[in-house]
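Beneath this line is the structure, given in structure tokens, with notes to follow.
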Amino acid sequence: MASALGSFLRSRRDRLTPAAAGITPFPGPRRVPCLRKEELAVLAGLSPDHYSRLEQGRQRTLTEDVVEALARALRLDDVERAHLRDLAAPARRRDSGWEAPQRPDPGLLRLMTALADVPTLLLGRRSEVLAAGPLLAPVLGVDLRPGDSFARWLFLDPGARERITNWPDFAAAAVGALRYEVGRHPRDRALATVVAELRAADPDVARWWDDHGVADRTSVTKHIAHPTAGPLEFGIEAVSTPHDPEQRLVVYTVEPDSPTERALWLRVLASA
């Protein structure tokens with residue numbers, strides 16, 4: 001059975017053609033347009049047998065040199081490269097204290113207070129809600145409280161799909177963020193439970209998960225269909241601190257003098 005490392009390598013190889021990789025295709029019949037294992041091995045400077053062992057799960061750790069060679073050959077972006085590095089050396093990680101409850105970072109809470117004119121959300125491990133600003137509930141139509149799961153709301157509450165008009169784009173990025181987190185913390189049983197629950201409940205989650213895409217929760221646009229304020233558009237930015245990167249302050253930014261900003265300033269949302 002292929003390991004998580006092998007499955008990820010195969011998924012990234014499947015999306016590359018020889019032309020996209022900048023090489024002349026090897027001779028012989030080709031059943032699919034993607035790179036062959038032998039072609040990728042040459043690109044990465046590995047023997048075909050060595051690369052085959054990686055995809056088949058017969059070698060589960062990689063040296064840093066091999067990680068970099070594969071990342072270049074597969075044309076990985078920065079997030080995918082970091083994910084590959086996580087998958088390549090799971091034994092190096094120590095999740096000491098990981099199961100202990102998180103406390104909201106005081107500095108991020110103060111920043112939330114300073115950003116009271118826009119919706120904010122503080123997320124911890126496994127997309128757990130640590131705190132929410134007062135404008136978040138009127139925008140999303142749900143009162144997310146500390147201890148709630150943002151991922152469960154996003155995928156299991158029909159209201160999420162109704163409010164977020166570009167739900168597929170936003171939700172696919174959320175699945176990628178969960179996979180990225182699993183790569184960093186493969187022994188987190190509670191996280192594995194959340195992923196298994198969502199995959200079983202939602203075919204979209206299962207499909208995106210099987211694509212092996214990864215994402216870091218940074219900039220993304222969210223379109224909201226609000227019942228009284230009408231269409232709203234937010235740029236979603238995530239902020240974390242170096243001493244606790246597992247907490248992220250999610251800020252719903254708005255364009256100056258936009259209809260969304262005017263709705264927030266006029267408190268149109270407060271009545272919904």
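Of the numbered criteria (1) at pLDDT 90 or above; (2) of a type in the set (A, V, I, L, M, F, W, C); (3) exposed (fewer than 12 other Cβ atoms within 10 Å of the Cβ), the one residue 265 fails is (1).
No other residue among 135, 154, 140, 122 is in contact with a Pro (Cβ under 9 Å, 6 or more places away or on another chain) and under 23 Å from residue 182 (Cα atoms) apart from 122. Is there a residue being at pLDDT 95 or above, open to solvent by 20 Å² or more (accessible area, probe 1.4 Å), polar (S, T, N, Q) and farther than 28 Å from residue 4 by Cα anywhere in the range 219-228? No, the range 219-228 has no match at all. Here the range 64-83 is the region considered, the condition is being in contact with a helix residue (DSSP H, G or I) (Cβ under 8 Å, 6 or more places away or on another chain) and in a loop (DSSP other than H, G, I, E, B), and the residue that is nearest to residue 213 (Cα to Cα) is 76.
Residues of the range 167-188 that are part of a loop (DSSP other than H, G, I, E, B) and open to solvent by less than 40 Å² (accessible area, probe 1.4 Å): 185, 188.
Scanning the range 129-145 turns up one or more residues that are over 14 Å from the mean Cα position of the chain (by Cα), charged (D, E, K, R) and either open to solvent by less than 20 Å² (accessible area, probe 1.4 Å) or more than 24 Å from residue 9 (Cα to Cα) (or both). Looking only at the range 1-34, residues that are under 20 Å from residue 86 (Cβ atoms) and either in contact (Cβ under 8 Å) with a residue 60 or more places away in the chain or not hydrophobic (A, V, I, L, M, F, W, C) (or both) come to 12 in all. Considering 113, 120, the condition of being farther than 30 Å from residue 8 by Cβ, hydroxyl-bearing (Ser, Thr, Tyr) and open to solvent by 20 Å² or more (accessible area, probe 1.4 Å) is satisfied by 113 alone. Select from the range 155-166 the residues that are in contact (Cβ under 8 Å) with a residue 12 or more places away in the chain and out of contact with any strand residue (DSSP E or B) (no Cβ under 8 Å at 6 or more places or on another chain) and write down the one among them that is surrounded by the fewest Cβ atoms within 10 Å (Cβ to Cβ). Looking at residues that are in contact (Cβ under 8 Å) with a residue 12 or more places away in the chain and out of contact with any strand residue (DSSP E or B) (no Cβ under 8 Å at 6 or more places or on another chain), I get 159. Could you tell me whether any residue of the range 23-33 is open to solvent by 60 Å² or more (accessible area, probe 1.4 Å), touching a helix residue (DSSP H, G or I) at 6+ places or on another chain (Cβ under 9 Å), of a type outside the set (A, V, I, L, M) and assigned to a helix (DSSP H, G or I)? No - not one qualifying residue is present in the range 23-33.
The values are calculated or read from the model by the stated rules, or taken from the named source; none is laboratory data. Since the model is a prediction, treat every value here as computed from it, not as a measurement. Don't worry about glycine lacking a Cβ; one is built from the backbone with ideal geometry, like all the others, and counts go over all protein chains shown. Accessible surface is based on the protein model in full, side chains and every heavy atom, while ligands, DNA and RNA are left aside. Shrake-Rupley method; radii C 1.70, N 1.55, O 1.52, S 1.80 Å.
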